Amino acid sequence: MAPRRCRDPEKALWRQLYETAARASEALSINVEDLELENKRVRVRSKGGDLDWLHFQTGSARLLPRLIAARTRGPLFRTDRAPVPARVPAAVDRCPETGRARLSYRRAEALFREASGGWTLHQLRHSALTHLAEQNVSLPLLMAKSRHTSLRSLQRYARPGPEAVAALTAATDPARRRR
């Protein structure tokens with residue numbers, strides 16, 4: 001079966017996850033009123049319960065207004081349709097303007113697996129941190145971006161590949177030829 005074509009809401013979530021290096025549960029809990037589009041950031045409650053800012057880039061900043069449309073509050077990432085009466089979610093997980101429910105982790109994961117050929121949402125976070133590490137972003141900045149509290153837990157994400165190690169070795173070789 002060929003991967004299905006993704007829609008703007010899905011692209012917005014995936015881009016947001018990659019650009020912020022956020023945990024999927026954090027991104028899925030975002031409400032429209034938590035966004036500061038002009039500052040390219042959003043307020044989230046992190047894993048430990050603290051309030052933190054996630055900073056995103058231009059790609060997300062361009063997709064989010066289309067996703068929000070005229071809404072002023074409620075879940076940012078929503079399901080395709082309103083829930084059936086037997087499965088009405090809690091008020092906090094329902095858009096007060098459309099009645100649609102907050103997108104669940106399970107559904108978001110299924111959509112991403114289908115569109116990506118089997119990748120997980122968590123791999124977006126992992127890839128973002130790995131790519132930043134390969135660009136020589138310092139560990140303190142990686143910790144701040146990912147909101148990890150220990151280097152040990154960050155280590156498994158920030159694993160530069162062989163190409164990055166080869167480039168580092170070549171760049172720091174004292175006998176290399178200079179142009």
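Computed from the coordinates by the stated procedures, all read-outs in this text should not be read as laboratory data. Here the structure is a predicted model, which means the values were calculated and not measured. Every residue, glycine among them, receives a Cβ derived from its backbone with ideal geometry; neighbour counts consider all protein chains shown.
The table below gives the values:
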quantity	calculated
For the chain, fraction of C-alpha pairs farther apart than 22 Å, in %	52 percent
Listed residues R102, R147, R45, most fluctuating in the chain (Gaussian network, C-alpha, under 10 Å)	R45
Mean Cβ neighbour count within 10 Å, used as a protection proxy, ranking 150-160, 91-101 highest first	91-101, 150-160
Max mean-square fluctuation residue, GNM over the chain, Cα-Cα springs under 10 Å, options Q57, Q135, Q123	Q135
